[in-house]
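The values are calculated or read from the model by the stated rules, or taken from the named source; none is laboratory data. Quantities reported herein were computed from a predicted structural model and do not represent experimental measurements. Heads up, the Cβs are rebuilt from the backbone with ideal geometry, glycines too, and the neighbour counts pull from every protein chain shown. For the accessible areas, the whole protein counts, side chains as well, though only heavy atoms, and no ligand, DNA or RNA atoms are used. Shrake-Rupley method; radii C 1.70, N 1.55, O 1.52, S 1.80 Å.
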Amino acid sequence: MGVIMALGIILIIILIAALVVYMIGLWKVFKKAGKAGWEAIVPFYNNLVLVEIAGLGWWYALILILSSIYSPDDYNGIVIVFSLGFIVANFFVCYNLSKKFHKDLGFAFLMFFFPVIMFPLIGFSNEYQYDASVVVSENGPIDSNKVNSNQNQNYNNQNNSYDNGISNQRHFCSNCGNQLSGDTKFCGNCGNETK
């Protein structure tokens, strides 16, 4: 019995430590996105700010908050709806955030499945820089083709406007959102050919 209690205490300590590291990482991610770090530790409000940072519509924050507080007394179909809503909204946050950090779909999956590792990694590493200028869909991957075509149009418009031979706008890859330098033919992040 004593061994089981000791293992239980060790497990609780590990879980608390993981939660603390995750919250500190989230604090740092919020700071990189230009938000106050304390917003990351306020329950429910942090969902609203995270959705805003990801560039999603406000209704995704509502889905995350409602699915977090809803606890029915008995099993029914609404539990499945709330659970699926939570999973979808969470993935859409990760998808858009990965774009804002100039990363791909694989990175979004890592953020979704391993948030306790990925958010501190993003927060503490200088390699990951938040770019608010990256255009994302307010519906995550659902409207991403429309956003990519808009980015292509913006890229073409920017390409045609030169001031003294130097473009006055920044250029981004239409595939991953990575900032391009000069007249680069291929994106250094995903290898996509630029137009």
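Enumerate the helices (runs of 4 or more DSSP H) found wholly within the range 26-126, keeping only those where 3 or more residues are of a type in the set (Gly, Ala, Ser) and within 21 Å of residue 137 (Cα to Cα).
Per the criteria, 77-100.
Let me confirm something: among 87, 117, which residue is β-branched (Val, Ile, Thr) and either touching a residue at least 60 places away in the same chain (Cβ under 8 Å) or closer than 18 Å to residue 44 by Cα (or both)?
Of 87, 117, the one residue that is β-branched (Val, Ile, Thr) and either touching a residue at least 60 places away in the same chain (Cβ under 8 Å) or closer than 18 Å to residue 44 by Cα (or both) is 87.
Which condition breaks for residue 112 when tested against (1) more than 17 Å from residue 130 (Cα to Cα); (2) over 11 Å from the mean Cα position of the chain (by Cα)?
All conditions pass for residue 112, except number (2).
Find all pairs meeting these conditions: Cβ atoms under 6 angstrom apart; at least six residues apart or on different chains; first residue within the range 44-67 and polar (S, T, N, Q); second residue open to solvent by 30 Å² or more (accessible area, probe 1.4 Å).
47/65; 67/82; 67/86
Contact list please: Cβ distance under 9 Å, first residue in the range 23-42 and buried (at least 17 other Cβ atoms within 10 Å of the Cβ), second residue charged (D, E, K, R), pairs at least six apart or on different chains.
So the pair list comes out as 27/39; 29/35; 30/39; 33/52; 33/100; 35/52; 40/28; 40/31.
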